[in-house]
Each structure stands twice: as C-alpha cells, then as structure tokens.
Amino acid sequence: GVRPPSTPRPQGDAVTDSDPAATEHLDVLIVGAGLSGVGAAHHLQTDCPWASYAIFEARQAIGGTWDLFRYPGIRSDSDMHTLGYSFRPWTGEKSIADGESIREYIVETAEEAGIDRHIRFGHRIVSADWSTPDGHWVVTAETDDGRTVTVTAGFLLSCSGYYRYDRGYVPDFPGMDDFAGEIVHPQAWPEDLDYAGRRIVVIGSGATAVTLVPSLAATAGHVTMLQRSPTYMGSVPTRNPLAAAVRRALPERAAGTTLRWINALGTQGLYRLSRRRPDTVRRMLLGRLQRDLPEDFDVETHFTPSYDPWDQRLCAVADGDLFGALRDGTASIVTDHIRTFTEKGILLESGTELEADIIVPATGLDMLFVGGISVAVDGEAVDLPSKLSYKGVMLEDVPNFANIFGYVNASWTLKADLSSDYVCRLLNHMRREGWRQATPTNDDPNVQPEPFMGLTSGYVTRAADRIPKAGNRFPWQVHQSYVKDYRAIKMSKVTDAMVFANPPARTVPDPNRAAELPSLTG
C-alpha cells in the first residue's frame, strides 16, 4: 500500500529496473518542481508529515514555467498576491512581477522548507501503471544520462502544468524556409540574441506578445505586432497602492490573506460581470483604451474583438507599456492574415509586405495533459479524454491520482492551493480509515460531459480532444470560480462520489514484519 520504505533511502536517484526487488516506495510521488509542485510539496510536508515523497523534475532546475521562459520582459499576467502561495505571501513591491523575481520566489520557498532536498532533477516520467493487487503505482522515468529508473508510489500527484516544455506551438506558415532572417519562438529564446536596432515582427496578440512588444521596442529599430484578430486588453499598475495600505495596517500573514481574497474576488467579479453583461464590460474596456491610445488610433480595427470579454483571456498591460510604445512610434499594430513568409519578411493577404530581420511567432502553447505520461490501470491504458474530472482535481475511474490544474480566468495558484489541500485531506482520511485505494466513480446517469475549459482560445480548442471533460453536476463540475471551488473542494467531504477499497494483496505479508504497518493504515 502507501507506505514508507522499511529502510529509508536517501533523496537521490531511484533504483534501476535491474534491481526490482529493491524498488523504492514512496507514499506520494509529485511530478514537476514548478510553482504547483513546490506548493504541493509544502502542503504535503505541513498536513501529511507522515508521508514519504519525492518530486521528479524532467529539467535541471526549480521553477517550471518561470525558469523555462526567458524572453525579454517576461512577467506574470496575474497579480502576485494570488499567484503567490497562501502559506508564504508575496512581499515584493510589484504586484505584477518579472519572471526572474517569480523564479527566485519559488526557489526560496523550496529551499526554506527543505523541499529542494526531495527533488530528483533530470527525471522525466514516461509511464505510470496502477496495480490494484499491490495498491500502488509503478512509475517509470528516464534520466538525462539515459538510464531508466522505477519507483512505486501510493499516490501520484501531477504538477506538470498544461503544455509541452520541449516546444511551443507554431502554425505551418507557408514559405517559412524562404525567410532570410531569424525565426525565434519565445519558448526557446536565445540568451545571446542581439535585436538592437533591428526590425522585428511579433506574430500574436496574447499575453506573450503583449509583454514582448514593448520590451523589444525599447532597443529594437521597430517592432510590429501582427495579429490575426484583436484581443481585449487593459492597463494594470505593476505596483498596487491598495497592497501598500493593507501591509501598513496588518501583520504580514494577515495582509497576505486579505490581499489574496480582495484580488481573487475582484478578478472573479469582473469575470462574472463579463459573462452576465458582456456589452457593459466591452464598453468599459474599450473606453479605457481610447484614453490610453493616440487620438487617431483605429481602436475598432486593432482592439475590438469579435467575441465577448472572457470568451478568451483578457491581457494585462503592465503600466500601459504597450500603449506607450504605440504612442511614441517604436511599435505598431497590423491586423491582417498571413499569405506567406518571404525572403524579406511576411506577405499579408492585403498585399502588404512586412519587412523584418527577426520574426517571433508568439503563437501559443501546445497543451499536454499530465506532462504526456502514459497512464494505465492494471495494464490497460487510460483514455484521458473520455474521463470526467472530479472536482477539477482527480479523474474518474483512476485510483490515487490527482492533477493540479489552475484557473484560466484567474491566478493559477488559487486553484492549485485548493487542490493540494484536498489531496492532503484525502490522504489523511485514507490513513485514518485504513484505505489503500480511492477512486472517483460516477454512478449518476444524469451527468453530461462538458468542456473542461470554458475558453475559445486557440490553444484550448486545439487540445479539446486531448484533455478530460467536466460534468454538469457536482462533483464533476469544473468551476472557473475561486468562491465556488472553495465550497466544492475545501469545504466539501473527501468522500463525495469516492469509492474506497482494500483490494486483496498480490502476496501474503511476512508475519515477521507485521510491525511495519503501511502509512495509510497507521
């Protein structure tokens, strides 16, 4: 079952397949040492101190997204009072923080709590097979030096995010090979790229493009943001005056909790208003843009989307820097479709050719559920897209497995914290009651599948056939609401639609080792 090894092993490499009898066992195996993984480990250490655990991280660094992405100007598009951890409130001056500051915050959190000592770097998990007779996962990983390692785990907790780390999404634009300049994807930004004085075209109008354009424009010859269609945008201050006032009035921990709730409720309020009164929010957003942009700017063409607010994510423009670059002429926006790349740049459907030295396809992410791990139960592959998501945390018919998936309309960490808290409560319940296996099970014939993510963004629609479904009834609904999730996840029972079991063991326990009880059976 879920138990620590009888002889604890150091937090180094797992054993290899060549020594199956000595395979290391962990109560919990966490996948990924990014924002979610470090947060989950902290919850586990605090709420389940009895549990042995390790974090398998495919890369050689802590930080996940915030270590991988190194393009100019990278920053959060959520305020740090909600993107930061509830147990370690963000104390930086900027509410909209740069990527390096966020990475340092995650690393410091891991080091302070000793979480870094549990991380196995360069371990990419390729498969996980739940064994019902053994009551554990058999997890296989590949290391950077070409070895294969195997561990068993009582519970598998995926914190690998939602997109591929080895490559970003780039459409198959015609003529890309004809372009004589450089093509640079933001997800693989070269450290030594010299763009000073050069002409740059950034393809896209999402959060990455909105961040890149003003950052590049500060030293480039000129930057053009080429978009197929507009995105809703709004200026937000990097330093929130409310945060400073709350910190002066309250102790650090209380200030962090207060700011977290204020910002979470504010974001949710705007989202709900957008769904109920889209025309009102559209007028509000476009009205603010009119004040931020030059008087003769064509807001209708370049900043008025055809969809309603929050059908796709809103883009936060830190201190209005993009609008400043448009006002001073160091950047411009073109709204058109690409006909083909050319030797000199990009030929548009309108017949205009944009000449460029560097083209940056900020065209989005390639979504990848649970990090691309091949998941099986008793040797039978799990068809993830056919499964319902349980409270947005676990998966229908998959025992002892959870996947941290944050919000698409608010800070990722708000949902990640709730999810990790739920997993710890479930583990403690299983240990207290003596269960080895917990499986979300749907026996309600009236539950109908719904899209997991309520957005029409390209990266979401491209991956709709690769990710699980939500349901239209509790506990299978996936809320995009911190308030609803607080009730549905944190305040609800861990036993909702959950089948607990102790399957017959594959082998008879050695009576001489009867004192070595499984952790969950105490």
Residue within the stretch 121-128 that is over 19 Å from the mean Cα position of the chain (by Cα) and in a loop (DSSP other than H, G, I, E, B) present: yes
Unmet criterion (only one of (1) open to solvent by 80 Å² or more (accessible area, probe 1.4 Å); (2) closer than 20 Å to residue 335 by Cα; (3) not aliphatic (A, V, I, L, M)) for residue 297: (1)
Selection count, the stretch 409-431, where residues are in a helix (DSSP H, G or I), open to solvent by less than 10 Å² (accessible area, probe 1.4 Å) and over 14 Å from residue 392 (Cα atoms): 4
Subset of the stretch 240-289 (residues that are loosely packed, with under 13 Cβ neighbours inside 10 Å and not in a helix (DSSP H, G or I)): 251
The stretch 340-374: number of residues that are within 33 Å of the chain's Cα centre (by Cα), under 20 Å from residue 230 (Cα atoms) and open to solvent by 20 Å² or more (accessible area, probe 1.4 Å): 3
Neighbours by Cβ (under 8 Å, 6+ apart or cross-chain): first from the stretch 321-344, under 21 Å from residue 300 (Cα atoms); second open to solvent by less than 40 Å² (accessible area, probe 1.4 Å) and aromatic (Phe, Trp, Tyr): 338/173
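Per-residue answers, yes or no, for (1) in contact with a Pro (Cβ under 6 Å, 6 or more places away or on another chain); (2) not hydroxyl-bearing (Ser, Thr, Tyr):
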position	(1), (2)
294	no, yes
299	no, yes
322	yes, yes
337	no, yes
356	no, yes
379	no, yes
390	yes, no
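Just checking, does the stretch 356-365 include any residue being of a type outside the set (A, V, I, L, M, F, W, C), out of contact with any Leu (no Cβ under 6 Å at 6 or more places or on another chain) and farther than 19 Å from residue 170 by Cβ? Please lay out each step first, then the result.
Here is the first cut: in the stretch 356-365, the residues of a type outside the set (A, V, I, L, M, F, W, C) are 357, 361, 363-364.
Filter once more, so that each one left must be out of contact with any Leu (no Cβ under 6 Å at 6 or more places or on another chain): 357, 361, 363-364.
With farther than 19 Å from residue 170 by Cβ added as a condition, the list becomes none.
No, the conditions are met nowhere in the stretch 356-365.
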All positions within the stretch 459-500 that are at pLDDT 90 or above, open to solvent by 70 Å² or more (accessible area, probe 1.4 Å) and farther than 28 Å from residue 431 by Cβ: 473
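Has the stretch 441-453 got at least one residue that is modelled with pLDDT of 90 or more, within 27 Å of residue 154 (Cβ to Cβ) and surrounded by 16 or more Cβ atoms within 10 Å (Cβ to Cβ)?
Step one: list which residues in the stretch 441-453 are modelled with pLDDT of 90 or more, which gives 441-448.
With the extra rule that they be within 27 Å of residue 154 (Cβ to Cβ), the set shrinks to 441-443.
Okay, now just the ones that are also surrounded by 16 or more Cβ atoms within 10 Å (Cβ to Cβ), so 442.
Yes - at least one qualifying residue is present in the stretch 441-453.
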Extreme residue, most open to solvent (accessible area, probe 1.4 Å), among residues of the stretch 43-64 that are farther than 16 Å from residue 124 by Cβ and part of a loop (DSSP other than H, G, I, E, B): 49
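For residues that are open to solvent by less than 30 Å² (accessible area, probe 1.4 Å) and either under 14 Å from residue 118 (Cβ atoms) or modelled with pLDDT under 60 (or both), tally how many sit in the stretch 13-42. I'd like the intermediate steps shown before the answer.
Filtering the stretch 13-42 down to residues open to solvent by less than 30 Å² (accessible area, probe 1.4 Å) leaves 14-15, 22, 24-41.
Still in the running and either under 14 Å from residue 118 (Cβ atoms) or modelled with pLDDT under 60 (or both): 14-15, 22, 24, 26-33, 37-41.
Number of matching residues: 17.
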Conditions (1) within 18 Å of the chain's Cα centre (by Cα); (2) surrounded by fewer than 18 Cβ atoms within 10 Å (Cβ to Cβ); number of the one not met by residue 97: (2)
Subset tally (residues that are open to solvent by less than 30 Å² (accessible area, probe 1.4 Å) and of a type in the set (Gly, Ala, Ser)) for the stretch 65-78: 2
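The values are calculated or read from the model by the stated rules, or taken from the named source; none is laboratory data. Here the structure is a predicted model, which means the values were calculated and not measured. With ideal geometry, Cβ positions are generated from the backbone for all residues, glycine too; neighbour counts draw on all protein chains shown. Just the protein is used for accessible areas: all its heavy atoms, side chains included, with ligands, DNA and RNA removed. Shrake-Rupley method; radii C 1.70, N 1.55, O 1.52, S 1.80 Å.
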